[in-house]
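All remarks here apply to the structure that follows.
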Amino acid sequence: MPPAFGSTRGQWALFIGALLIALSAAGRAFADDYWSFLLAVMVFGLGGPIISAGAPKVVAQLFTGAQRGLAMGIYMTGPAVGGVVSLTLTHSLLLPAFDGSWRRVMALWPLVSCGGALFWLLVATLNRVDKQQQAATEPYVPQLQIMRELAAAPAVRVVLMMSVGVFLFNHSLNNWLPELLRSGGMTTLEAGYWAALPTVIGIAGSLLIPRLATPSRRFHILIVLCLLAATASILLQSADPVPLSAGLLLQGIARSSLTTVLVLSLVELPGIGDRRAGAASGMFFSAAEIGGVLGPISLGLIYDFSGHFHLALASLTVVAVLLALGSASLQKLSTNAA
């Protein structure tokens, strides 16, 4: 029998998170004004972090060493595969199949989310091992105390600040990339296909790079990924197909692995361990979503102000360079704490 997936509470938490994502998709399909659509998006803000924080904890409990990096990479391919499907099939297949109705397309995604939730519940139930005896031997520590202790660690604070920057960079490009490509002269259909390129590349990167990011070379890989992100933001300013393709390629490599390697760095910091991995991951994604919100909004405001994406992409270059400096600082702090 495989190792335990953890407590029943954790099993149901991930299930509820998936159902909230389904509810958000359904709300978007039936929204009839700005506020109902905003409420639907906010519901996703409840379900998404549950998955984002819970899945790394499951991985930390089940795997160690290079296998942990590979398992985290496999988990991260899920959003990448979903991105490929949505970007490539929506305009070419789904919209024509549903008579051009965005509402009917959006009504399809709650069914997909519910299917994923039920699949997880089945797998987790079949593989769950009772861990009550183990839990009874471990002293109880209040969650707020754990969070205070984690926040007091300098290395954890650096990771939390970096998480804001990583999400700011990734969410900005993830949300604005099709429009960025359209502003360069592509049609909507062409922009959808080209915007899927980083996601396809990211699937391979998610499976390979985290596995290579063992503790001895993790921070060096993190620095390289940040510099690749910076280079991508520069190349994406070009309308020429060659540098544009290179920029999309580098963006796919960076965005697929930056979050994964940074979460791995967090859960394996001295003093974290499997028991605090869930709390640490929750803090990570709570902080990161600040960047997830500010990124697309700020990029849109800069675009409205300047009338083009060059200034917005230049600001992302600065963010990526700061992330590289943060990675170097994190390496030093981690070494000193070990």
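The values are calculated or read from the model by the stated rules, or taken from the named source; none is laboratory data. Please read these numbers as outputs of a predicted model, since none were measured by experiment. Counting neighbours? That spans all protein chains shown, and the Cβs are built from the backbone with ideal geometry, glycine included. Surface areas here come from the heavy atoms of the whole protein model, side chains and all, with no ligands, DNA or RNA. Shrake-Rupley method; radii C 1.70, N 1.55, O 1.52, S 1.80 Å.
Sort segment 260-338 into rounded, prolate or oblate with this rule: let a ≥ b ≥ c be the square roots of the eigenvalues of the Cα gyration tensor; rounded if a/c is under 1.5, and if a/c is not under 1.5, prolate when a/b is larger than b/c, oblate otherwise.
Working: a/c = 4.76, a/b = 2.01, b/c = 2.37.
Oblate.
Let me make sure I get this right: for segment 179-232, a, b and c are the square roots of the gyration tensor eigenvalues over alpha carbons, sorted descending. Under 1.5 in a/c it's rounded, otherwise prolate if a/b > b/c, else oblate. Which is it? Let's see the in-between values first.
On the way: a/c = 6.87, a/b = 2.28, b/c = 3.01.
Judged from the Cα gyration tensor, segment 179-232 comes out oblate (a/c at least 1.5, b/c at or above a/b).
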| query | Using a simple charge model, +1 on the beta-carbon of Lys and Arg, -1 on the beta-carbon of Asp and Glu, nothing else, what dipole does segment 234-324 show about its Cα centre, in debye to the nearest 20? | reply | 180
| task | Round to the nearest 10 and report in Å² the accessible area of Tyr303, as given by a 1.4 Å probe over the protein chains' heavy atoms. | result | 60
| Tally Lys/Arg at +1 and Asp/Glu at -1 over every other residue whose Cβ is under 13 Å from the Cβ of Leu225; what's the total? | +3
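Using helices alone, I'd like the mean residue ellipticity at 222 nm for the chain: each DSSP H run of four-plus residues gives -39500 (n - 2.57), total over residue count, nearest 500. Let's see the in-between values first.
Values: 12 runs with 280 residues, N = 338.
After summing the helix terms and dividing by the residues of the chain, the value is -29000 deg cm²/dmol.
Under the Kirkwood approximation for Rh and a Cα-based Rg, what ratio Rg/Rh is obtained for the chain?
On the way: Rg = 20.3 Å, Rh = 20.9 Å.
Here Rg/Rh amounts to 0.97.
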| task | Mind putting a number on the dipole of the chain about its Cα centre? Charges go on the C-beta only, +1 for Lys and Arg and -1 for Asp and Glu, and I need it in Debye to the nearest 20. | result | 820
| Accessible area of the chain divided out per residue, in Å², using a probe of 1.4 angstrom | 49
| query | Using the Cβ atoms and a cut-off under 15 Å, what net charge is assigned to the surroundings of Ala29, where Lys and Arg are +1 and Asp and Glu are -1? | reply | 0
| Carbon/sulfur fraction of accessible area - the chain, other protein chains in place, 1.4 Å, % | 70
| message | Given all pairs of different Cα atoms, what value in angstroms does the Kirkwood hydrodynamic radius of segment 26-91 take? | response | 14.2
| note | Expressed to two decimals, segment 138-228 has a Cα Rg over Rh, using the Kirkwood radius, of 1.14
| Helix hunt in the chain: which complete DSSP H runs extend at least 15 Å axially by C-alpha with mean Kyte-Doolittle at least 0.5? | 8-30, 34-62, 65-89, 102-127, 154-183, 188-212, 218-235, 241-267, 273-306, 310-337
| Which one of Pro142, Leu311, Leu20 is farthest out on the positive end of the charge dipole of the chain, using unit charges on Cβ (Lys, Arg +1; Asp, Glu -1) and the Cα centre as origin? | Pro142
| task | Would you mind checking the radius of gyration and Dmax of segment 100-256 based on alpha-carbon positions, in Å? | result | 21.1, 63
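Report the gain in length on full extension from Leu39 to Gln145: 0.36 nm times residue separation, minus Cα-Cα distance, nm rounded to one decimal.
Numbers: separation 106, 0.36 × 106 = 38.16 nm, distance 3.19 nm.
Gain on stretching Leu39 to Gln145: 35.0 nm.
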